[in-house]
Structure formats: C-alpha cells, structure tokens
1. Search the range 135-165 for residues being in a helix (DSSP H, G or I) and more than 19 Å from the chain's Cα centre (by Cα), and hand back the single one that is nearest to Tyr179 (Cα to Cα).
2. Tell me which of these His166 doesn't satisfy, since it passes every other one: (1) in contact (Cβ under 8 Å) with a residue 40 or more places away in the chain; (2) farther than 23 Å from Asp201 by Cβ; (3) buried (at least 17 other Cβ atoms within 10 Å of the Cβ).
3. For the range 202-229, what are the residues that are at positive phi and either modelled with pLDDT of 90 or more or of a type in the set (Asp, Glu) (or both)?
4. Based on this model, can you work out whether Ala220 counts as among the aliphatic types (A, V, I, L, M) and buried (at least 17 other Cβ atoms within 10 Å of the Cβ)?
5. Might you check whether a residue that is within 26 Å of Val121 (Cα to Cα) and touching a helix residue (DSSP H, G or I) at 6+ places or on another chain (Cβ under 9 Å) occurs anywhere in the range 53-61?
6. In the range 173-201, which residues are surrounded by fewer than 19 Cβ atoms within 10 Å (Cβ to Cβ), within 16 Å of the chain's Cα centre (by Cα) and modelled with pLDDT of 95 or more?
7. I'm trying to understand the selection: among the residues of the range 227-257, which are surrounded by fewer than 17 Cβ atoms within 10 Å (Cβ to Cβ), without any contact (Cβ under 8 Å) to a residue 60 or more places away in the chain and touching a strand residue (DSSP E or B) at 6+ places or on another chain (Cβ under 8 Å)?
Amino acid sequence: MTDSHRNLMADKTVLITGASSGIGAAAARVFAREGAAVVLAARREDRLAQLVAELRDKGCQASYVVADLACPQDAERAVASTVERHGRLDAAFNNAGIGGDQVPLHLMGDEVYDTIMDTNVRGLWYCLKYEIAAMLAAGGGSIVNNSSVGGLVAIPAAAPYVASKHAVIGLTRAAALEYAPFGIRVNAVAPGTTRSEITEDWFDRNPGLEEAIHQQTPQARTAAPEEIAEAALWLASHRSSYVTGLAMPVDGGYSVR
C-alpha cells in the first residue's frame, strides 16, 4: 500500500497529554483518525472516558490514564502504561499546560509563577525523561511539545507564561540535539491564540481582548484546535523525518508582524 493510501500513523502508539479538552482532545481525534493507537493523559477522568468512548465507537484504538503530569510518578505511570498496553511508545504530543490572567509582573503573585512553571516546564521535563527512556528502548521515536507564540515573542502582562513557553522551546532544542543520534526527533508547535474553553473564558472576562488579538494577527482570527493538532501530526509523523529541534509557529502570522 502506498503512503498516499495509508493512514499516516498506522501501527504507531502515541501518548497525548492534556487530552481532555482543547488542542489535546483535537489531537486525540486527529491522530486516531490517522490510525494511531492513542493513550490519553489528563486530570479529568470524566472527559477522558467520554473521548475514549467516542473514538472507540469510530473503530479507533484509544485508552486513557488519569494523571497530573506535574507529578513525576504520574508522568512515569502514563508512559509505563502506554508501553504496557501497546509494547512501545512511538510518538508523544506533550500538550499539557496552563495559561494565566494578564497581570503586570510587579503585581504577579509568587504562587501564580510557581503554578505556571511547575505545570508548563517541570511537567514537560518529567514527560520528556520518561518518554525518551521508552523511545531509547524501542530504537527511536518522535516527540512534539506544545509551546506558544509566547515562546517566540513577548506578550505583555504574562511574564511567567512567556518564560515557561520559552523554556519549552529550550528543552525541545536541547533534547533534539542530544538524542538525534539515537533516532529520536524532538520538535515543538508554537500556537497563536486558539479556540478552547480556556480562551472563551478569557475573552468573556476581558471584553475587547478577542478583537484586539484579531487586529494584531495578519489572518485576523483565532485558530481552531484542529489546526494546531494537524501541525503536531505532521511533526510527529515520518513526513517530517529530517526535521528536529524546530519550534513551528502556527499563529496566523502573529510572530512575523
């Protein structure tokens, strides 16, 4: 069967974190559509169970692990469960992360900084450690991390978030360089503002913000979660086989204004 007639991720096992909503849930559907056996990790079991049931009803291979990826034991368990169920880990989309309200740096509470950095950076660190170990045992793999346009440019009144997403790109590049000789590729997507429950709430609490973002974005709109998921799919698949260490903007042109 030729590549054009074959599902892009057929016979691949993919771990997707932060999979209960938004970009993560969209990625679960996109990767499963392309033939992957997906293991979904997040904190909200009700959402995970509902999504897994939806995918199974479509004939897809799907399961879930309830996990807080900022906890090292949970990150290790998510990877171990994936390998136990499917024998290997071929790809991972590290999507779990949080944002935050826009607050000037000098007024930002220390607890906000700690929460954002623990989730977005420490959580990714744990996932990378255990995913890379599993991929070394399997002879290679592909990892995609979810950064942000805030990892490429500054965003006002969001210093901890911007710092955390710059760190995601730093970890991506460091891991890409270190593990390229072992057949492991590590890349990142850097989404612009994307439709989700979080952004809808953000817009509701900040009148005029959505319009302001549209004015600053050359394509004059926000992204659909599926658009980010499709970019992650390409980076995870063999079609990007000579790409590693990339932070790919998926931002409607925001970062090149």
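The values are calculated or read from the model by the stated rules, or taken from the named source; none is laboratory data. Just so it is clear, the model here is predicted, and its values are computed rather than measured. Neighbour counts run over all protein chains shown; Cβ positions are idealised from the backbone, glycine included.
1. Taking the range 135-165 and keeping what is in a helix (DSSP H, G or I), we get 135-138, 149-151, 159-165.
Adding the requirement that they be more than 19 Å from the chain's Cα centre (by Cα) leaves 136-138, 159.
Working: Leu136: 9, Ala137: 13, Ala138: 13, Ala159: 30 Å.
Once the filter is applied, the top-ranked residue is Leu136.
2. Result: His166 fails condition (1) only.
3. In the first step, residues of the range 202-229 are kept if they are at positive phi; the result is 208, 220.
Once the filter is applied, which keeps residues that are at positive phi and either modelled with pLDDT of 90 or more or of a type in the set (Asp, Glu) (or both), the range 202-229 yields only Ala220.
4. Details: among the aliphatic types (A, V, I, L, M): yes; buried (at least 17 other Cβ atoms within 10 Å of the Cβ): no.
Criteria not met by Ala220.
5. So in the range 53-61, the residues within 26 Å of Val121 (Cα to Cα) come out as none.
Taking every residue of the range 53-61 in turn, none turns out to be within 26 Å of Val121 (Cα to Cα) and touching a helix residue (DSSP H, G or I) at 6+ places or on another chain (Cβ under 9 Å).
6. Arg173
7. Passing the criteria: Ser241, Val243, Val256.
Here is a yes/no grid of residues against (1) under 24 Å from Pro181 (Cα atoms); (2) surrounded by fewer than 21 Cβ atoms within 10 Å (Cβ to Cβ):
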{"position": "Arg44", "(1), (2)": "no, yes"}
{"position": "Leu51", "(1), (2)": "no, no"}
{"position": "Glu54", "(1), (2)": "no, yes"}
{"position": "Gly59", "(1), (2)": "no, yes"}
{"position": "Gly97", "(1), (2)": "no, no"}
{"position": "Asp114", "(1), (2)": "no, yes"}
{"position": "Met117", "(1), (2)": "no, yes"}
{"position": "Ala133", "(1), (2)": "yes, yes"}
